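Each reported figure results from applying straightforward, stated rules to the coordinates on display, with no laboratory input. It should be emphasised that the depicted structure is a prediction, and the values quoted were computed from it without experimental measurement. Ideal geometry is used to build each Cβ from the backbone, glycine not excepted, and the neighbour counts take in all protein chains shown.
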Amino acid sequence: MRTVSVIGVILSFLAVIVAIFWFWQEPTLEPVLVVITVGISAVAALIAAMEDSVELIDRFANRVSSKRVFLSYPMAAQEQATKIGDAFKKAGIRVWIASEQVEVGENISEAIKKAINQADAFLILLTDRESSWANHELEIAKQKNKKIVPIALENAQIPSALQDIRYISFDEGDEKALTQIVASVV
């Protein structure tokens, strides 16, 4: 039994005891005692219900905030990557973007491997140019069996390694696609 529920039960029990004691001492107070007893019981039930609501909110918040995504992109798509990253941050989802996460002097390959390993999903921005880093990151994500979400920008070339995976088309200012991208990992 939860702590708040136990407190509610104890309060209800005490209200009944107090009502019995008062009624025994002064039988004319019966209507007042009934109201007091019901009131205290209602407060106890409200406390128990509030605990359940708080627990549901916490469970949802933990589910959302514990999600992590790795966002792979060629340098030419830095602006779009930032917009997509901001959308994830607004949704309470942690996003790993190399330009924001890799420290000066840090081993880039090791940082990428660690981040992909910790990610729940791997998002890759596809453009009209190939990126050796993005291809390298994609291979790591495939080896780690990560959920892969391809995001095709304007005139994107879909690599053969992603031909069998449904992708999301994303153009500048496309709020619907932005919502779809975030929803793909929740």
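Structure summary
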item	result
Pairwise label distance in nanometres, Asp86 with Asp120, each label 7 Å out on the Cα-Cβ vector	2.4
Semi-axis lengths, Å, the range 67-183, gyration tensor of Cα atoms, sqrt of 5 times eigenvalues	19, 17, 14
Partners for Lys144 among lysines (Cα-Cα distance below 16 Å; same-chain residues under 8 apart left out)	Lys113, Lys114
